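Chemist: Take a look at the following structure, please.
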Amino acid sequence: MSIRTQGRAAALIGVLVWFATVAAQDLLPTAGRRSASPLAVSGLGIDRGLRPGTALRSVGKPLSYARMRANARYLPGSLIVKFRSGTSQASRAALLATVDGRTAATVSNAPFDVVNLNDDADPEAVAQRLSAQPDVEYAQARYRVHPLFKPNDPLYSLQWNYPLIDMERAWDINPGASSSVIVAVLDSGMAYTNTAFDFTQTTAQNIDGVVFPALGAVHLTFAAAPDLGGPSRVVSPFDFIWGDNTPVDMDGHGTHVAGTIGQLTNNSTGVAGMAFNVKLMPVKVIEGFWDDYFESPFFGTDDTVARGIRYAVDNGAKILNMSIGREGPPAPVVRDALAYAVSKGAFVSIAGGNDFADGNPLPRYAELATQFDGVVSVGAVGRDRTRATYSGTGSWLELMAPGGDVARSGVPGMIVQQTYDFDFTDTFANGPTGFKAPRFDVFEYIYYEGTSMATAHVSGLAAMLYQQGITKPAAIEAALKRSATDLGPAGRDDQYGFGMINARAAVRGLGIIR
Amino acid sequence: MSGRMTKALAVSALLCAAAAYPSAAMAQQRPAPPASPRPGAARPAPRPQTAIRGFGDFGAERFAAGDTFDATLGSPTGIFFGGGVEVVLPQRWFISARLSHFQKSGERVFVDSGEVFPLGIDMKVGITPIEVSVGYRFQPRGSTSNVIPYVGGGIGWHRYSETSDFADTGEDVSETFQGYHVLGGAEFRMGRIFAIAGEGQWTTIPNAFEDVASSAADAFGESNLGGIAFRVRFVIGR
């Protein structure tokens, strides 16, 4: 074979390699990844009802998150062009012909043209070329506009805690996770259903040194918190305090915490929650005053908590919120349960304790968080982004989140959510005076503060990350820490851990450079 | 074949043709050789002349930040299309200027301990290097070989752009980084004014991805935007 022939053969091989590599670039890398993306699952429901007498409106597909993503930053195959006045139709047509463009049908209120291009044309590049032409005033791709999500819940303006962690811009990217994610709330129960229980207490009860009179037989009504969504939001509820599957809240704490995690949002009612599309799993593992008064058969102890953790994991919860804790000796039974949770792919957030001013005791559950990648301990900041005066500190502290601080910012500086109206539940607040049977069917938007509230923020954000594709507990913890806003001394410290969660930075993830 | 590729081909061909034209014109103006050399006399070697050539090329680059590109764009390798002009001096030195482009879509990710979690947020990355090279062609005077090895090196300015869905002001990236490269290859002459070359290039663009915690490059500990490229070059000109 002559050198010339060899050269031609080399050229032919080169061209073939070229086609193969280009085809591989176009076909291989992203198709599988895209189809694997867990984001393309949720959609907003639309009312398809047609009222008599109204004209049928032409509507597009529902503006689901998946559809927005599919269309990316701008619509393919078209762009916007505004020609300078006086440019003839012939000149316009000639210009558009240079980019294989065709003017689309005239649209109203548009002193510009919408130009159709070939589907494979890059509208940004074409717009740049057209913009350089003297007859063109401007040309641009048809960039998609997405809502800067701000919930329409009327009391949302009271929720300083969400803007503090850049939650609104996080919702733009990930609007509240999806119902495929189950968040277990290991707490005092949850106001998730309408029901009633009969209790009988025939003897006076000494609770925390105060003697309360016997109420006899009482019929207590329970209602679902209106802004929480009722039983349809709930999966696999269980009550480890009364030993049944109706973990109604007889305190209000669990309902408040659940609200921050997943309160219905953008429903023109009340307040907003973080991951407002998730399913909630109420797992009652601690008792309140009324559970004690009516002598529940079980108590909120380490073994109860450990069982609750295992129950939640075994029933599909991927995020566990533990706005609970205790001081004192170690809790190996809880440690084992946490290890089980992480091994089963569940992420756990644990409150860091509210007793800084009372000697800053070591919170035993929160301390365990440092032993596992996938379990985090959470402290609280006030609306001024400084550590709440009550929030515990120590080497075990990992993350901070808004928990409120009434001492520095007054009541508006606390965390507001819907829960029971204390006037109807805390009849014990003044001791035996005025003591009467409670009602668990009257709700109000109430301010709480504490690392419990902070922990709920972390769980809500973790649920969003899980839904978005970070499905390993250790990776969720790493994402939360990496995206956190560093507070206090640079780097990790005992006052603020790795810093305050930054929801937007967390859900936006990492680019190549930025 | 995508439209983008078709256009890249067309542009490359135009570049080649445009750059090659002066060379062909010069060739026509050369004085004609003696009509009948004396029998037995040695044939004088053609006098080396400065040649201006055009070229188009395509090839694949294995990025130095391969893990980062693999995580976000689905491959540690990118396909570049390019073209440029080259001046070959009589002493066999050459100077070339080359413009190339790479563009690919992917998605933002989170990286933990090397494991990648795609987040479903579309991103688009483009790299447009402008490179100037100086080198030497190993073609002994009087040689009639059709294979001409060459080596060179130079400097480049690499325009890097990165855009993402949901990006706010200042979050997209459009920066130019300076890099350096060495290259080598072999050119196969396939006719009077046409040649094809196979070429390898090593490029370093140090510290392009530096100290940004919200970057996959940082997560992988990679900071160099360069890489190793292999390409096929089509040359028009003597």
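Chemist: Does A:Phe498 satisfy being over 22 Å from A:Ala380 (Cβ atoms), of a type in the set (Phe, Trp, Tyr) and either crowded, with 24+ Cβ neighbours inside 10 Å or in contact with a helix residue (DSSP H, G or I) (Cβ under 7 Å, 6 or more places away or on another chain) (or both)? Spell out the reasoning first.
Modeler: Values: over 22 Å from A:Ala380 (Cβ atoms): no; of a type in the set (Phe, Trp, Tyr): yes; either crowded, with 24+ Cβ neighbours inside 10 Å or in contact with a helix residue (DSSP H, G or I) (Cβ under 7 Å, 6 or more places away or on another chain) (or both): yes.
For A:Phe498, the condition - over 22 Å from A:Ala380 (Cβ atoms), of a type in the set (Phe, Trp, Tyr) and either crowded, with 24+ Cβ neighbours inside 10 Å or in contact with a helix residue (DSSP H, G or I) (Cβ under 7 Å, 6 or more places away or on another chain) (or both) - is not met.
Chemist: Here is a follow-up. Please pick out the residue among A:Arg514, A:Arg492 that is open to solvent by 10 Å² or more (accessible area, probe 1.4 Å) and in contact with a helix residue (DSSP H, G or I) (Cβ under 9 Å, 6 or more places away or on another chain). Give the steps one after another, and end with the answer.
Modeler: Values: A:Arg514 fails: in contact with a helix residue (DSSP H, G or I) (Cβ under 9 Å, 6 or more places away or on another chain).
Just a single option satisfies the conditions, and that option is A:Arg492.
Chemist: Return yes when A:Phe347 is over 24 Å from the mean Cα position of the chain (by Cα) and hydrophobic (A, V, I, L, M, F, W, C) and no when it is not.
Modeler: Numbers: over 24 Å from the mean Cα position of the chain (by Cα): no; hydrophobic (A, V, I, L, M, F, W, C): yes.
It is false that A:Phe347 is over 24 Å from the mean Cα position of the chain (by Cα) and hydrophobic (A, V, I, L, M, F, W, C).
Chemist: Any residue in the range A:471-486 that's more than 9 Å from chain B (Cβ to nearest Cβ) and in contact (Cβ under 8 Å) with a residue 40 or more places away in the chain: show its pairings with residues that are β-branched (Val, Ile, Thr) and open to solvent by 10 Å² or more (accessible area, probe 1.4 Å) at Cβ separation under 6 Å, as long as the two are six or more apart or on different chains.
Modeler: That search, which allows pairs on different chains as well, returns A:Pro473/A:Val342.
Chemist: Also, I was wondering about something else. Taking the range B:65-85 on its own, how many of its residues are surrounded by 23 or more Cβ atoms within 10 Å (Cβ to Cβ) and away from every other protein chain (no Cβ under 11 Å)?
Modeler: Qualifying residue count, the range B:65-85: 3.
Chemist: Determine, yes or no, whether A:Ala184 is under 30 Å from A:Asp291 (Cα atoms) and either away from chain B (no Cβ under 14 Å) or assigned to a strand (DSSP E or B) (or both). Step through it out loud before you land on a result.
Modeler: Details: under 30 Å from A:Asp291 (Cα atoms): yes; either away from chain B (no Cβ under 14 Å) or assigned to a strand (DSSP E or B) (or both): yes.
Answer is yes for this residue.
Chemist: Report whether or not B:Gly198 is within 18 Å of B:Arg62 (Cα to Cα), at the interface with chain A (Cβ under 10 Å from one of its Cβ atoms) and touching a Lys or Arg at 6+ places or on another chain (Cβ under 8 Å). Step through it out loud before you land on a result.
Modeler: Numbers: within 18 Å of B:Arg62 (Cα to Cα): yes; at the interface with chain A (Cβ under 10 Å from one of its Cβ atoms): yes; touching a Lys or Arg at 6+ places or on another chain (Cβ under 8 Å): yes.
Yes, satisfied.
Chemist: Within the range A:336-343, identify whether any single residue is surrounded by fewer than 21 Cβ atoms within 10 Å (Cβ to Cβ) and part of a loop (DSSP other than H, G, I, E, B), and answer yes or no.
Modeler: No, the range A:336-343 contains no residue that is surrounded by fewer than 21 Cβ atoms within 10 Å (Cβ to Cβ) and part of a loop (DSSP other than H, G, I, E, B).
Chemist: Take the residues of the range A:256-306 that are under 22 Å from A:Ile165 (Cα atoms) and in contact with a Phe, Trp or Tyr (Cβ under 7 Å, 6 or more places away or on another chain): which is most open to solvent (accessible area, probe 1.4 Å)?
Modeler: So the residue we want is A:Leu264.
Chemist: Whether any residue in the range B:219-232 is hydroxyl-bearing (Ser, Thr, Tyr), in a loop (DSSP other than H, G, I, E, B) and closer than 30 Å to B:Glu115 by Cα is what I want to check. It would help to see each step written out before you state the result.
Modeler: At the first step, the residues of the range B:219-232 found to be hydroxyl-bearing (Ser, Thr, Tyr) are B:223.
Remaining after also requiring in a loop (DSSP other than H, G, I, E, B): B:223.
Subset that is closer than 30 Å to B:Glu115 by Cα: B:223.
Yes, because at least one residue in the range B:219-232 is hydroxyl-bearing (Ser, Thr, Tyr), in a loop (DSSP other than H, G, I, E, B) and closer than 30 Å to B:Glu115 by Cα.
Chemist: Quick one: is B:Arg192 more than 16 Å from B:Glu86 (Cα to Cα), more than 10 Å from chain A (Cβ to nearest Cβ) and among the charged types (D, E, K, R)?
Modeler: Numbers: more than 16 Å from B:Glu86 (Cα to Cα): yes; more than 10 Å from chain A (Cβ to nearest Cβ): yes; among the charged types (D, E, K, R): yes.
Yes, satisfied.
Chemist: Still on this model: For A:Arg504, which of the numbered conditions (1) assigned to a helix (DSSP H, G or I); (2) buried (at least 24 other Cβ atoms within 10 Å of the Cβ) fails to hold?
Modeler: (2)
Chemist: OK, next. What are the residue pairs meeting all of these: first residue in the range A:339-362, first residue under 19 Å from A:Asp187 (Cβ atoms), second residue open to solvent by 70 Å² or more (accessible area, probe 1.4 Å) and part of a helix (DSSP H, G or I), Cβ atoms under 9 Å, and 6 or more apart or on different chains?
Modeler: Here the result reads A:Ala341/A:Arg310, each pair linking the range A:339-362 to a residue that is open to solvent by 70 Å² or more (accessible area, probe 1.4 Å) and part of a helix (DSSP H, G or I).
Chemist: Any idea which of A:Val81, A:Val99, A:Val107 is open to solvent by 60 Å² or more (accessible area, probe 1.4 Å) and outside any helix (DSSP H, G or I)? Lay out the reasoning, then the answer.
Modeler: Working: A:Val81 fails: open to solvent by 60 Å² or more (accessible area, probe 1.4 Å); A:Val99 fails: open to solvent by 60 Å² or more (accessible area, probe 1.4 Å).
Only one candidate passes the filter, namely A:Val107.
Chemist: Applying the selection to the range A:94-113, what residues are at pLDDT 90 or above and among the hydrophobic types (A, V, I, L, M, F, W, C)?
Modeler: Once the filter is applied, which keeps residues that are at pLDDT 90 or above and among the hydrophobic types (A, V, I, L, M, F, W, C), the range A:94-113 yields A:Ala94, A:Leu95, A:Leu96, A:Ala97, A:Val99.
Chemist: Moving on. Yes or no: A:Gly259 closer than 19 Å to A:Gln417 by Cβ, in contact with a Leu (Cβ under 8 Å, 6 or more places away or on another chain) and not in a loop (DSSP other than H, G, I, E, B)?
Modeler: Values: closer than 19 Å to A:Gln417 by Cβ: yes; in contact with a Leu (Cβ under 8 Å, 6 or more places away or on another chain): yes; not in a loop (DSSP other than H, G, I, E, B): yes.
Criteria met by A:Gly259.
Chemist: State yes or no: is A:Asn152 open to solvent by 40 Å² or more (accessible area, probe 1.4 Å), more than 30 Å from A:Val507 (Cα to Cα), in a loop (DSSP other than H, G, I, E, B) and of a type in the set (S, T, N, Q)? Don't jump to the end; show me each part of the working.
Modeler: Working: open to solvent by 40 Å² or more (accessible area, probe 1.4 Å): yes; more than 30 Å from A:Val507 (Cα to Cα): no; in a loop (DSSP other than H, G, I, E, B): yes; of a type in the set (S, T, N, Q): yes.
So A:Asn152 fails the test.
Chemist: When the residues of the range B:149-161 are narrowed to those that are buried (at least 19 other Cβ atoms within 10 Å of the Cβ) and closer than 30 Å to B:Trp93 by Cα, which ends up nearest to the other protein chains (Cβ to nearest Cβ)? First the steps, then the outcome.
Modeler: Initial filter on the range B:149-161 (buried (at least 19 other Cβ atoms within 10 Å of the Cβ)): B:150, B:152, B:154, B:156, B:158, B:160.
Now narrow it down to the ones that are closer than 30 Å to B:Trp93 by Cα: B:150, B:152, B:154, B:156, B:158.
Numbers: B:Tyr150: 16, B:Gly152: 20, B:Gly154: 23, B:Gly156: 18, B:His158: 12 Å.
Restricting to residues being buried (at least 19 other Cβ atoms within 10 Å of the Cβ) and closer than 30 Å to B:Trp93 by Cα, the top hit is B:His158.
Chemist: Follow-up question, since we're still on this one. Would you check if A:Val416 is open to solvent by less than 10 Å² (accessible area, probe 1.4 Å) and more than 23 Å from A:Thr260 (Cα to Cα)?
Modeler: Against the criterion (open to solvent by less than 10 Å² (accessible area, probe 1.4 Å) and more than 23 Å from A:Thr260 (Cα to Cα)), A:Val416 does not qualify.
Chemist: Considering only the range B:143-157, how many residues are among the hydroxyl-bearing types (Ser, Thr, Tyr) and in contact with a strand residue (DSSP E or B) (Cβ under 8 Å, 6 or more places away or on another chain)?
Modeler: Looking only at the range B:143-157, we keep the residues that are among the hydroxyl-bearing types (Ser, Thr, Tyr), and these are B:143-145, B:150.
Filter once more, keeping what is in contact with a strand residue (DSSP E or B) (Cβ under 8 Å, 6 or more places away or on another chain): B:150.
Number satisfying all stated conditions: 1.
Chemist: Can you tell me which of (1) at positive phi; (2) open to solvent by less than 40 Å² (accessible area, probe 1.4 Å); (3) more than 11 Å from chain A (Cβ to nearest Cβ) is the one B:Gly120 doesn't meet?
Modeler: Unmet condition: (3).
Chemist: Under the condition of being aromatic (Phe, Trp, Tyr) and surrounded by fewer than 19 Cβ atoms within 10 Å (Cβ to Cβ), which residue from the range B:199-234 is nearest to B:Gly154 (Cα to Cα)?
Modeler: Step one: filter the range B:199-234 for residues aromatic (Phe, Trp, Tyr), giving B:202, B:209, B:220, B:230, B:234.
Within this subset, residues satisfying the condition of being surrounded by fewer than 19 Cβ atoms within 10 Å (Cβ to Cβ) are B:202, B:230.
Working: B:Trp202: 11, B:Phe230: 16 Å.
For the range B:199-234, the residue satisfying everything is B:Trp202.
Chemist: Looking only at the range B:162-185, which residues are farther than 19 Å from B:Gln103 by Cα and facing chain A (nearest Cβ under 10 Å)?
Modeler: Selection gives B:Phe166, B:Asp168, B:Gly170.
Chemist: On the given criteria, is B:Gly237 surrounded by 16 or more Cβ atoms within 10 Å (Cβ to Cβ) and modelled with pLDDT under 95? Break it down into steps so the answer makes sense when it comes.
Modeler: Values: surrounded by 16 or more Cβ atoms within 10 Å (Cβ to Cβ): yes; modelled with pLDDT under 95: yes.
Yes.
The values are calculated or read from the model by the stated rules, or taken from the named source; none is laboratory data. The structure displayed is predicted, hence computed values, not measured ones. We place every Cβ from the backbone using ideal geometry, glycine too, and count neighbours over all the protein chains shown. Heavy atoms of the whole protein, side chains included, go into the accessibility calculation; ligands, DNA and RNA do not. Shrake-Rupley method; radii C 1.70, N 1.55, O 1.52, S 1.80 Å.
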